[in-house]
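Data block below; observations after.
The values are calculated or read from the model by the stated rules, or taken from the named source; none is laboratory data. Everything numeric in this text was worked out from a predicted model, so none of it was measured. All Cβ positions, even for glycine, are placed from backbone atoms using ideal geometry, and neighbour counts span all protein chains on display.
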Amino acid sequence: MLNPGSIPAPAGGLGLETFRGLGPLPAVAGFAPFVLLLAAIAILPLLPRASSWWGRLSSKWMLALACGLAGIGFHYAVAGDSARLLETLLDYLAFIALLASLYVVSGGIHISGAFSGLPWLNTAFLALGALLANVMGTTGASMVLIRPLLHANRRRRHKVHVVVFFIFVVSNTGGLLTPLGDPPLYLGFLKGVPFSWTLGLLPQWALLQAMLLTVFHFLDEIVFHREELEIKHALTEDLRLAERPLHIEGWVNVGLLLGILAVVVGAGQVLLPFLHAKYGEASAQALCKGAQVLALGFIIGLALWRKRGPAGASPFRRNHFSFEPLGEVAGLFLGIFGAMLPALDLVQAHAASLPLDRPWQFFWMSGILSSVLDNAPTYLTFASLAAAKVGIAGDSLGALAQASPALLKAVACGSVFMGANTYIGNGPNFMVKAIAEHSGVEMPSFLAYMGWSLAVLIPLFLIETLVFFQ
């Protein structure tokens with residue numbers, strides 16, 4: 001879940017007019033930095049000579065910085081919009097502050113008890129994560145639950161599918177029912193969509209979760225029954241010998257987690273309106289982002305201070321806490337935020353010319369772009385386009401929710417659901433991948449993960465389309 005201030009607004013004015021006038025070759029050049037970074041993430045781990053270089057954290061940072069600076073340079077050369085560059089920098093800082101706070105604070109929460117990597121328990125764990133994603137956001141739920149899930153499955157030889165479905169369910173599709181669940185929904189709330197409106201997406205959410213959990217359970221049962229006999233006995237023995245059904249260490253960090261949620265909600269519902277009335281929209285957004293970065297930084301400091309003391313040491317040690325996954329995500333998304341600037345500008349500039357009228361078209365177009373671009377501005381672009389199609393001002397999404405709920409539902413579901421299609425579709429995806437790899441799980445490559453999403457998610461999205469978005 002991103003903070004409300006970290007949602008990039010669409011480029012406007014001279015910027016969009018300038019990008020509309022670009023020819024085919026300059027437009028291709030505008031997409032080049034983002035495509036290059038995406039290709040590096042997908043291909044370099046597969047090349048024997050390049051994989052060792054790419055495996056170093058410094059290498060990821062170097063290439064991400066190069067692509068990010070190229071995207072920033074192209075945007076500035078075409079639009080000359082320095083205000084948008086400052087806004088993007090603040091977006092990135094707010095985004096990383098939220099991810100870092102959730103990562104560090106959740107690292108001091110250790111959940112143990114009567115659970116092990118049995119199929120029915122894994123399925124129940126994912127179902128719990130889908131519910132929590134609506135309360136604490138997909139990022140918060142992912143960071144709190146991924147380590148206990150990995151620990152529960154530590155004896156399993158084959159557990160990659162468990163983490164992949166965790167990303168599908170907890171890190172993405174589960175967070176559809178409240179504006180706190182995923183960044184696009186919070187953006188809609190700030191643009192006038194009623195807080196309770198997303199509860200109307202319960203049928204879409206319930207059908208997808210039911211299908212995903214059913215597919216996962218049968219797959220996990222098949223894999224489990226192929227495990228060696230001693231592993232099955234060990235898992236059953238873990239469950240039998242557990243002294244307590246559930247135990248949580250690090251309750252102070254649970255309080256800090258609630259503090260993070262209070263910062264996010266308070267900034268969007270209290271601080272931002274106050275600053276907007278006093279200083280105007282642009283200044284209010286910048287001040288709100290800065291305030292959130294400071295507040296979240298303070299919470300990170302408290303969590304790290306507790307980590308040093310004896311009271312906070314045990315949960316971090318039990319979780320095998322390391323800053324390396326956070327460093328990898330921070331570097332790659334620094335490049336993504338910069339490299340996607342011209343790509344997003346071009347999409348926004350030409351969105352109105354796209355032949356979109358039906359809910360299924362909005363569902364798939366917003367979803368496909370949310371798979372590779374930040375899903376929050378993608379949601380804003382297509383929601384504004386949907387509003388224009390029905391004769392409503394682009395910033396009146398509350399009116400769109402009343403006048404044409406089918407189009408807004410399609411955009412919301414596409415933006416949230418299809419963030420699961422790639423590792424970069426949503427912030428928690430790469431974080432979960434990095435934590436799993438740090439724990440010894442050999443996660444699929446970028447392209448192999450897309451193979452999972454094509455095989456599992458796309459057929460389910462087609463069913464969603466037939467049922468809800470024709």
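Tabulated values for the structure
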item	result
Filter result (in contact (Cβ under 8 Å) with a residue 60 or more places away in the chain and farther than 25 Å from Asn429 by Cα) within segment 361-399	Ser384, Asp395, Ser396, Leu397, Gly398, Ala399
Among the residues listed as Ser453, Ser415, the single one being under 14 Å from the mean Cα position of the chain (by Cα), within 19 Å of Leu369 (Cα to Cα) and either modelled with pLDDT of 95 or more or among the hydroxyl-bearing types (Ser, Thr, Tyr) (or both)	Ser415
Members of segment 276-291 that are at pLDDT below 90 and either assigned to a helix (DSSP H, G or I) or within 24 Å of the chain's Cα centre (by Cα) (or both)	His276, Ala277, Lys278, Tyr279, Glu281, Ala282, Ser283, Ala284, Gln285, Ala286, Cys288, Lys289
Qualifying position, being more than 21 Å from the chain's Cα centre (by Cα), surrounded by fewer than 20 Cβ atoms within 10 Å (Cβ to Cβ) and closer than 26 Å to Thr214 by Cβ, among Leu121, Leu47	Leu121
Odd one out for Arg156, checked against (1) part of a helix (DSSP H, G or I); (2) closer than 18 Å to Met443 by Cβ	(1)
Looking only at segment 252-268, and only at residues there that are surrounded by 14 or more Cβ atoms within 10 Å (Cβ to Cβ) and not β-branched (Val, Ile, Thr), the one that is modelled with the lowest pLDDT	Gly268
Residue tally, condition touching a Ser or Thr at 6+ places or on another chain (Cβ under 8 Å), hydroxyl-bearing (Ser, Thr, Tyr) and closer than 27 Å to Phe333 by Cβ, over segment 98-138	1
Among (1) assigned to a helix (DSSP H, G or I); (2) out of contact with any Lys or Arg (no Cβ under 8 Å at 6 or more places or on another chain); (3) hydrophobic (A, V, I, L, M, F, W, C) - the single one Ile424 does not satisfy	(1)
In segment 54-86, the residues that are among the small types (Gly, Ala, Ser) and assigned to a helix (DSSP H, G or I)	Ser58, Ser59, Ala64, Ala66, Gly68, Ala70, Gly71, Gly73, Ala77, Ala79, Ser82, Ala83
Lone unmet requirement of (1) in contact with a Leu (Cβ under 8 Å, 6 or more places away or on another chain); (2) closer than 24 Å to Phe34 by Cβ for Glu324	(2)
Complete set of residues in segment 159-175 that are assigned to a helix (DSSP H, G or I) and not polar (S, T, N, Q)	Val160, His161, Val162, Val163, Val164, Phe165, Phe166, Ile167, Phe168, Val169, Val170
Count of residues meeting criterion [within 18 Å of the chain's Cα centre (by Cα) and part of a loop (DSSP other than H, G, I, E, B)] in segment 339-373	3
Residues being closer than 21 Å to Asn122 by Cβ and in a loop (DSSP other than H, G, I, E, B) - total across segment 194-228	3
Unique residue being outside any loop (DSSP other than H, G, I, E, B) and either surrounded by 19 or more Cβ atoms within 10 Å (Cβ to Cβ) or of a type in the set (Ser, Thr, Tyr) (or both) when the list is Leu98, Leu89	Leu98
Members of segment 367-381 found to be more than 18 Å from Pro33 (Cα to Cα), of a type outside the set (S, T, N, Q) and modelled with pLDDT of 80 or more, listed by number	Gly367, Ile368, Tyr379
Filter result (farther than 23 Å from Leu208 by Cβ, surrounded by fewer than 19 Cβ atoms within 10 Å (Cβ to Cβ) and not aliphatic (A, V, I, L, M)) within segment 440-459	Gly440, Glu442, Ser445
Any pair with Cβ under 7 angstrom, 6 or more apart, that starts in segment 138-149 at a residue that is surrounded by fewer than 24 Cβ atoms within 10 Å (Cβ to Cβ) and among the aliphatic types (A, V, I, L, M) and ends at one that is modelled with pLDDT under 85 and in a helix (DSSP H, G or I)	Val144/Ser106
Considering residues of segment 101-117 that are of a type in the set (S, T, N, Q) and assigned to a helix (DSSP H, G or I) only, the residue farthest from Phe316 (Cα to Cα)	Ser101
Residue match in segment 146-154 (condition: among the basic types (Lys, Arg) and touching a Leu at 6+ places or on another chain (Cβ under 6 Å))	no
Subset tally (residues that are crowded, with 19+ Cβ neighbours inside 10 Å and among the aliphatic types (A, V, I, L, M)) for segment 165-212	12
